[in-house]
1. Place a +1 charge on the Cβ of each Lys and Arg in segment 95-245 and a -1 charge on the Cβ of each Asp and Glu, then give the dipole magnitude about the Cα centre in debye, rounded to the nearest 20.
2. Equivalent-ellipsoid semi-axes (√(5λ), Cα gyration tensor) for segment 135-245, whole Å, largest first?
3. Given labels modelled 7 Å from the Cα in the Cβ direction, how far is it in nm from Glu234 to Asp59?
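No lab work stands behind these numbers, since they all come straight from the coordinates. Since the structure is predicted, the reported quantities are computational estimates derived from the model, not experimental observations. Here the Cβ positions follow ideal geometry from the backbone for every residue, glycine too, while neighbour counts run over all protein chains shown.
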Amino acid sequence: MDSTGADAKETRPAAGARLGEGGRHVGQITAQLREAIRSGIYVNGDRLPAERDLAERFDTARSTIRKVLFNLESEGLIERRVGSGTFVKYDDLSVGAAHDIVSRVSPLELIEARLAVEPHMTRLAVLHATANEIKMLGSILDDLEQCRNDKDAFSRHDSMFHEWLARSSRNPLLLHLYQQINAVRGHDQWDAMKIKILSPEEIDEYNRQHRALFEAVRRRDIAAAVKQINDHLEKARRDLMGAAAV
């Protein structure tokens, strides 16, 4: 993945100076930079500091910063421009419009949309993913498998895993569509279902499916990968229907 560009406007305080140094965890750093954007430390159109500068500021590895930027991009707060850097694209009006759509989509409608999009998205990822993209997918999966007892962390890394598949499809429209799908997962309805569904045992089963899907992508096995994503989403649909009936 490309490094981000130079620091944002010098007249604005550096994020680390305002927000505190040393946040080593992906979730903590994501929260700090998210707040820096929403509070106006960085405004729409600003270029964020380079990956190496953010890594130094937060005393962490560049691989951690890449995951942080991935989270922020998934939330629609930043965009990456090849050869130019990473820029803030936070706009209260556009965020409000997106939230209006998200608030009207139920968890079951989310799964229906995912079943319509993800099998072909996965097929394209098998065909087009680079070795580095597959390596990054494996790194996200490694983190995901450490989330057995943390429903929130599991949900974050699960979103990252599937969105990285979308990115690996090399189809920008599919990526955009999947980012909209992913936005639904931060809605209150999904949080309520998550509490009902995500026991440690269920997380283990979802991660077994994630691992099987990853191995199929790594082997470039289209049929196996498409079967795994369909099985995975069908399980999610059954679990949601069961939770809704309780």
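1. 460
2. Semi-axes, largest first: 22, 16, 14 Å.
3. 5.0
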